[in-house]
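Only one structure is covered here, and it is reproduced in the block below.
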Amino acid sequence: MALVALASAKGSPGVTTASLVVGALWPRQVLLSECDPSGSDVAIRMTGPGQTALNPDRGLVSLAAAGRKGIGDEVIMAHSQQLDGGLDVLLGVRAPEQIGGMGGLWAPLGQAFNQMYGSDVLADCGRIGPNSPQLPVLQSAGLVVLVCTATGSSVAHLRERISSLVHHVDAQLGVIVVADPKRRDGVRQVWSVLDQMSTPIQHRWHLALDPAGAAFFDGRGVGRLDRTSLIRTGSVIAAEMAAAVAPRTSTDFDMAQAAFPTNNASYGSAQHAAASYDGTATYEASATTYDSTATYDAGTTTYDAATATDHTAASTSETASTTEASGYTTSDYYGTGTAGTTDTTGTTGEYQQ
């Protein structure tokens, strides 16, 4: 299905925590893979079903040994484990010294992740640089998300990494800013820096800096996880990120053809398709009407159909698209309720573009 790579330019802004949060709230089947050469954190932080310990030797290294003749879905899942709550994870290396055992498998691994049947993959790639061994995983991703904080140094490194990364990857780019929900001005300043860059950043999110919420992803949580600002903001990110990499369907293709027909041979015939596009990936049909005296309203441009040469028929096409992203139920994951049913008009909504 889809591969999403999360990484940082420098330091530890919270890539692993962000990956765990987004993975726990992902609206479809998903596998979280630790591709950070510095070593696994999930095996230390989290537990398996019934609070059992995870096996640190079963993961990326064992997959590399078993997959030298080919890496497919069954091989990947055979070396994955399940966290307490149901999230599938592929643990990373125990120590940086083990990264040499991967050899040249990074590129095949990235391709296998991107081609998994029935499951998306979130790859926690840790800190990346021009010579990072896990770079082929980012190159296979459909969406690359860089995580940073709202500090000046973090944003400066983010800007430099984006400028370099754009020459190595052909993917949608996104940025997650981890910041105190009260520091809205700081997040806006990050967006301002991104606006001044020549590289377009298609997706921007604000993940709350929430120690109380993050403690649940470090084995120390107390209270209601679903009431934390981390989950409220994380649920928005997970839903929008999943929608950004969702596979296109035949219905999507037909809608595009209806909006922008390429063959106008029967343009004046009855029952021809028409739709208006408002520039934000939403098709609306309420103002899409053709007849000999009516007009077609496309936002700012009005076409007088009375001047057309063919007035033989009139047709109206209505198209509506509704995307719903279901939340991830944390009652099983943490025994605390449903995190996905959050108010998306909260902190993050203000920063979306």
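Can you confirm whether segment 20-27 contains a residue that is on the phi > 0 side of the Ramachandran plot and outside any helix (DSSP H, G or I)?
Looking through segment 20-27, none of the residues is on the phi > 0 side of the Ramachandran plot and outside any helix (DSSP H, G or I).
Specify the residue that is nearest to the chain's Cα centre (by Cα); the eligible residues are those in segment 202-220 that are of a type outside the set (G, A, S) and surrounded by fewer than 17 Cβ atoms within 10 Å (Cβ to Cβ).
It comes out as Q202.
Looking at R28, R45, can you tell me which residue is more than 21 Å from A171 (Cβ to Cβ), in contact with a helix residue (DSSP H, G or I) (Cβ under 7 Å, 6 or more places away or on another chain) and surrounded by fewer than 23 Cβ atoms within 10 Å (Cβ to Cβ)?
So the residue among R28, R45 that is more than 21 Å from A171 (Cβ to Cβ), in contact with a helix residue (DSSP H, G or I) (Cβ under 7 Å, 6 or more places away or on another chain) and surrounded by fewer than 23 Cβ atoms within 10 Å (Cβ to Cβ) is R45.
State all residues of segment 202-213 that are modelled with pLDDT of 95 or more and of a type in the set (A, V, I, L, M, F, W, C); if no residue qualifies, say none.
W205, L207, A208, L209
Name the residues in segment 178-187 that are part of a helix (DSSP H, G or I) and surrounded by 15 or more Cβ atoms within 10 Å (Cβ to Cβ), would you?
Within segment 178-187, R184, G186, V187 qualify.
Give the residues of segment 25-71 that are under 23 Å from D120 (Cα atoms) and β-branched (V, I, T), sorted by residue number.
Selection gives V30, V42, T47, V61, I71.
Residue check: is S12 surrounded by fewer than 20 Cβ atoms within 10 Å (Cβ to Cβ) and in a helix (DSSP H, G or I)?
No.
What number of residues within segment 96-109 satisfy the criterion of being more than 18 Å from K69 (Cβ to Cβ) and buried (at least 20 other Cβ atoms within 10 Å of the Cβ)?
Count: 1.
The values are calculated or read from the model by the stated rules, or taken from the named source; none is laboratory data. Note that this is a predicted model, so its numbers are computed, not measured. Backbone-built Cβ (ideal geometry, glycine too); neighbour counts: all protein chains shown.
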